[in-house]
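The next block holds one structure in the form of structure tokens; read it before the comments.
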Amino acid sequence: MKHLCLLFAFLAILSCRAQEDNEDLAKEVIISGCVLNREVYPKEKEVKLVLPCMPYLETIYTSPIADDGTFSFRFSPYASTREVVLRNYAEHLYVHPGDSLHVEIDFSDLLNPRITGTSDTLNQYMALFTTGGYYRGPYLGGNNATFEEFEKELKEEYASRQERRTDFLKEHSPGEEVEKYTADLLSIDYYYSLFNYAMSQAANGKDVSRYKALLSELDPLFSEQTVYASQFSLADIVQRFLYFEHTRREMRDFEFKDIVEVGKNRAILPYLSLYPIAKTLYDNDTTYLADNRAQLDSIVKAPYLRKPLLEFYQDKASFLKSPEKVSHYMLYGNNADEATARKEMPFMIPVYNLLEKYAGKVIYVDFWGVICPPCLAEMEPLKELRKRYSPDDVVMVSICGSREREAYQKILERFSLEGKNIECIYSEDWATADDYHRIMRHWDMNSIPQFLLINRDGIIVDYGSGLRPSYPKTVAKIDALLK
């Protein structure tokens, strides 16, 4: 019993220390600043601060530039050191919990922001390294080279960059912290270049299994409490490499269980695990996270990874439960109503006309292109989906955004789409090319296929690439609107 009590006491101490550590990492950072010579760019009204993360999960804070030129941000870094981005003005800012930095931005000299505050020396040296001619960024050449040729090129390039870093350290003697961060940046860039090459080879069907063994070499770059922006870019390219390597070899999708298996015992696994969850949330599917929640919780523990994912989940769950607010923004932006939006956002008028034409009906819209295999794969499922519902209840609109009208007509003929109660629209007959692209940018639809589902009240209740005709959940979502 005595030993058991000692064990409980020990575990309690560890728990308290872990909580204290998390509280320390959550101490707010304050980044304030001022803008000089605003008349050089008078249309610049705000400053954006980015906390980098995996795709779909970066956090963006926006601060208006006040009349006196000042701006400010407050956030918790959740890491002992974290690299953040003051977009367009200071691309590499390093902060510690509790830091207070002041950034002076001169619009007539944008390349040289003046940084003062608690980590000013660190940031001044890192700015000198990254923007002073010592640092080049990832090496992206050689995709047509053989494995041996590319690896030789990359090692030579890496050695050259190491020499430039050595020159920087000799000239400026910036201290151990800067020595470590600059070394890590070069290592991250090296492996990014290596896996980017491997990804391109895997996408072309080459055997790249040799590169999977290199995941162990990444452990030191993902094992510490220093969080670099380029870490997420590296994890993203590794994810893409593993996807192509797996799908070309196994001829099936790269699923969450496959990610867990290939990343087992590797420090990069928490980063890799975020991508498929975040992608399904981006497509407004919250069930994938729920299905894998227990395993995800055991893998992803760092708050700088968990917090943005769970916030993204809450945002999507809230949208699906009460879509009115998001729908209003998608349709009218920050305007109060359609009448005002027609004046302020005239590029959206084709959408308003579509809603008016089919008022009182459920509307399902498919945006596609003629040279998009995933789009064409949905044509037969689209016709099958059409058969399930009466045109009096559900309207289906198919909008082709490609510029080749003749190719568009051939696709209609190939899939016999006309005369199937599907309104087939060539985008330039619906909106100008500029307006069409502005609509897609406003909706953050950067790839195709994309879909909209609009209820009888004209509210967008779902959207994105995950609303495909072939997905059973799409049928369930349309059925729910007809009850």
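Values in this text are rule-based calculations from the coordinates and carry no lab data. Just so it is clear, the structure is predicted and the values come from calculations on it, not from any experiment. Cβ sites come from the backbone with ideal geometry, for glycine too, and all protein chains shown count toward neighbours.
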Legend entry - Qualifying aspartates and glutamates (Cα of each under 19 Å from Cα of LYS343; at least 8 residues distant if same chain): GLU356, ASP434, ASP435
Legend entry - Euclidean distance between Cα centres, region 349-364 to region 36-82, Å: 37
Legend entry - Net charge, PHE451 excluded, C-beta distance under 10 Å - Lys, Arg +1, Asp, Glu -1: -3
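Rank these for me by crowding, ASP393, ASP283, going from fewest to most other beta carbons within 10 Å. List each step's numbers first, then the result.
Numbers: ASP393 13, ASP283 22.
Ordered from fewest to most neighbouring Cβ atoms within 10 Å, ASP393, ASP283 come out as ASP393, ASP283.
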Legend entry - Residues whose placed amide H lies under 5 Å from that of VAL227, excluding near-sequence neighbours: THR81, ARG82, GLU83
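If neighbour count is taken as other Cβ atoms inside 10 Å, put PHE241, PHE415 in order from fewest to most. Show your work: numbers first, answer last.
Details: PHE241 25, PHE415 18.
The order, fewest Cβ neighbours first, is PHE415, PHE241.
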Inset, instruction - Scan the chain and hand back the longest stretch that contains none of the GluC sites (Glu not before Pro) lying in DSSP loops with at most 16 other Cβ atoms within 10 Å. - result: 59-223
Legend entry - Where only C-alpha atoms are counted, convex hull volume of the chain per residue in Å³: 207
Inset, instruction - Quick one: work out the % antiparallel among DSSP beta bridges in region 339-481, nearest 5. - result: 45
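What does the C-alpha gyration tensor say about the overall shape of region 26-131? Classify as rounded when a/c is under 1.5, otherwise prolate if a/b is larger than b/c, or oblate.
On the way: a/c = 1.62, a/b = 1.36, b/c = 1.19.
The shape class here is prolate.
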Legend entry - Too-long pairs where the Cα-Cα distance tops 21 Å, listed order kept, from LYS321/LYS473; LYS279/LYS361; LYS387/LYS473; LYS383/LYS477; LYS361/LYS387: LYS279/LYS361
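Efficiency by 1/(1 + (r/R0)^6): what FRET value for SER209 and ASP167, r their Cβ-Cβ distance, R0 = 45 Å, to the nearest 0.05?
On the way: r = 38 Å, r/R0 = 0.85.
Efficiency at R0 = 45 Å is approximately 0.75.
By counting other Cβ atoms within 10 Å of each Cβ, how are SER193, SER173, SER200 ranked from fewest to most?
Details: SER193 23, SER173 10, SER200 19.
Taking fewest neighbouring Cβ atoms as first place, the list is SER173, SER200, SER193.
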